[in-house]
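To keep things clear, I will list the structure first and then write my remarks on it.
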Amino acid sequence: MIVLYSDFCISFPIGLSSTFASFLMETSQSYKLLSLFDFFLDMNDKKGKNKAWETLSSQAKRLALEPNAGGNSIWSEAYSFEFMRRMFGAQLEKTEMQICYWPEGSKKTDYVAKFEGPDRQSMIVGVSVTRAMKFKGNFEDTDAKALLTKKLYGINVSSRNVIKEHSWKKQILHVWSESEQVTCALMREYDKLDQDIQSNTILLITQTTQAARWIYRSNIPVGAF
């Protein structure tokens with residue numbers, strides 16, 4: 001199934017929206033999902049960058065502009081939330097630095113969102129975002145294993161250490177994948193991981209086309225301020 005917007009389109013299995021809500025409510029089980037992301041605006045052009053910024057929701061812009069714990073993931077986190085909002089009706093609850101943990105210095109999740117589950121039940125979910133890519137050489141199975149292990153371990157620690165008032169029962173690991181080869185490596189290695197590290201996390205892999213390669217950069221467009 002393909003969902004078209006003015007700035008991008010998403011391809012995903014038929015029925016994903018309804019099954020995704022059910023997956024969120026299943027707090028004891030992990031799941032693996034795949035989607036495709038294509039972008040229609042020219043991000044090499046100032047006008048295209050500004051148009052992209054204009055089409056983002058105020059919540060996605062907030063994610064892009066508020067301070068985080070470090071890293072170069074401005075676009076990937078903003079569009080992760082925009083993906084969740086348009087596809088699944090997510091609402092932003094907390095940005096990374098608004099989430100409190102004990103002890104301090106804990107592994108962190110990138111944002112917290114509220115989703116509507118079956119029977120209109122609300123579900124608070126942590127979302128961790130990462131980019132599966134390699135600047136030099138090919139992204140191999142060993143790279144996929146290392147990335148997934150690192151991120152899933154961090155998710156388990158943040159879920160354990162988040163304070164009760166900000167807590168969730170489930171997290172999503174949203175991985176932006178730069179090619180089919182990278183996606184296949186991620187899928188293979190995920191299936192080999194122990195259930196303890198998979199825990200109850202939903203792995204959502206979003207494979208991007210060449211037109212969306214800019215999502216792996218961190219530059220905020222000129223018109224953002």
Got a number for residues in the stretch 28-63 being closer than 30 Å to Ile197 by Cβ, open to solvent by less than 70 Å² (accessible area, probe 1.4 Å) and among the small types (Gly, Ala, Ser)? 3
May I ask you to list the residues in the stretch 39-83 that are in contact (Cβ under 8 Å) with a residue 40 or more places away in the chain, in contact with a strand residue (DSSP E or B) (Cβ under 8 Å, 6 or more places away or on another chain) and among the acidic types (Asp, Glu)? Glu77
Just to verify a result, which residue in the stretch 3-23, among those that are at pLDDT 90 or above and either touching a Leu at 6+ places or on another chain (Cβ under 7 Å) or of a type outside the set (Phe, Trp, Tyr) (or both), is surrounded by the most Cβ atoms within 10 Å (Cβ to Cβ)? Ile10
Close pairs (7 angstrom Cβ cut-off, 6 or more residues apart or separate chains): more than 17 Å from Ile205 (Cβ to Cβ) and touching a residue at least 12 places away in the same chain (Cβ under 8 Å) in the stretch 145-158, surrounded by fewer than 18 Cβ atoms within 10 Å (Cβ to Cβ) and of a type in the set (A, V, I, L, M) anywhere: Tyr153/Ile197
Log entry, pairs with first residue in the stretch 159-186 being within 14 Å of Ile124 (Cα to Cα), second being open to solvent by less than 10 Å² (accessible area, probe 1.4 Å) and among the basic types (Lys, Arg), beta carbons closer than 9 Å, six or more apart or on different chains, reads Ser159/Lys170
Conditions (1) within 24 Å of Trp214 (Cβ to Cβ); (2) surrounded by 14 or more Cβ atoms within 10 Å (Cβ to Cβ); (3) touching a Lys or Arg at 6+ places or on another chain (Cβ under 7 Å); number of the one not met by Glu77: (3)
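Any residue in the stretch 206-224 that is more than 30 Å from Lys46 (Cα to Cα), among the polar types (S, T, N, Q) and modelled with pLDDT of 95 or more?
The answer is no; no qualifying residue exists.
The values are calculated or read from the model by the stated rules, or taken from the named source; none is laboratory data. Being a predicted model, the structure only gives us computed values, none of them experimental. Please note: Cβ atoms are built from the backbone with ideal geometry, for glycine as well, and neighbour counts cover all protein chains shown. The area values use the complete protein model at the heavy-atom level, side chains included, leaving out ligands, DNA and RNA. Shrake-Rupley method; radii C 1.70, N 1.55, O 1.52, S 1.80 Å.
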